[in-house]
Ligand SMILES: Nc1ncnc2c1ncn2[C@@H]1O[C@H](COP(=O)(O)OP(=O)(O)OP(=O)(O)O)[C@@H](O)[C@H]1O
Ligand SMILES: [Mg+2]
């Protein structure tokens, strides 16, 4: 069983021709020694999830989760419905790997219309990962100033302590990535 969405299963950093070289080098350097958070922000379709999964694919004890799936799970938990918790995710055997995923990719941060409860849940998750010093990649359409507006300054501050990279605005879904074009897939 894999947590990686099929769309991104083949993602690899050595096949990201659309990204500027300095950005690729920074991602590769973080991937080699993952520590703290890696905040990737940019317009829809700019390749954030692809490159984040490329890094995740190098990790063994890892979890891919979107903001909406995370909140869905938390909602069920609060209302007593059956769900996994972060330590009991179907692909996260906590008895083997402990309560918190060692390596997490939180995809589409701030992508849903967050209620106050949702904001508090996301702030709590980021704080938890921060205080436990667990490597966490966050992809987001907003920059950290906008995260301050959307969530709060405390969350943006924690993310700013890690690495922050903006992706050039280019919707690869519209134009096709260079890798796809080279392979004749678009
Ligand atoms: N190096 C690559 N090789 C092949 N396909 C790629 C590559 N990089 C990106 N893509 C494709 O480009 C599209 C957009 O990439 P991706 O989903 O990572 O964007 P995103 O920045 O996460 O967008 P959003 O903010 O909407 O979630 C996807 O179809 C993805 O599969
Ligand atoms: Mg994405």
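The values are calculated or read from the model by the stated rules, or taken from the named source; none is laboratory data. Bear in mind that the values here come from a model prediction, so they are computed numbers and not experimental data. Reconstructed Cβ throughout: ideal geometry from the backbone, glycine too, with neighbour counts over all protein chains shown.
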Residue satisfying condition, being farther than 30 Å from residue 15 by Cα, more than 15 Å from ligand 2 (Cβ to nearest atom) and modelled with pLDDT of 85 or more, within set 118, 98: 118
When the residues of region 36-80 are narrowed to those that are more than 15 Å from ligand 2 (Cβ to nearest atom) and modelled with pLDDT of 95 or more, which ends up surrounded by the most Cβ atoms within 10 Å (Cβ to Cβ)? 37
Scope region 1-23; condition crowded, with 17+ Cβ neighbours inside 10 Å and without any contact (Cβ under 8 Å) to a residue 24 or more places away in the chain; matching residues: none
Spot the failing condition for residue 44; the list is (1) within 12 Å of the chain's Cα centre (by Cα); (2) within 12 Å of ligand 1 (Cβ to nearest atom); (3) not in a helix (DSSP H, G or I), and only one is missed. (1)
Please identify the pairs in which a residue from region 51-65 that is under 19 Å from residue 41 (Cα atoms) has its Cβ atom under 7 Å from the Cβ atom of a residue that is at pLDDT below 90 and away from ligand 1 (no atom under 15 Å from the Cβ), counting only partners at least 6 apart or on another chain. 56/62; 64/3
Do you know which of the residues in region 104-113 that are at pLDDT below 95 and surrounded by fewer than 19 Cβ atoms within 10 Å (Cβ to Cβ) is nearest to residue 32 (Cα to Cα)? 112
Looking at the structure I just gave you, is residue 142 more than 16 Å from ligand 1 (Cβ to nearest atom) and either on the phi > 0 side of the Ramachandran plot or modelled with pLDDT of 90 or more (or both)? no
Going residue by residue through region 58-65, is there one that turns out to be within 15 Å of ligand 1 (Cβ to nearest atom), within 17 Å of the chain's Cα centre (by Cα) and assigned to a strand (DSSP E or B)? yes
Hey, among 101, 168, which residue is at negative phi, in a loop (DSSP other than H, G, I, E, B) and surrounded by 18 or more Cβ atoms within 10 Å (Cβ to Cβ)? 101
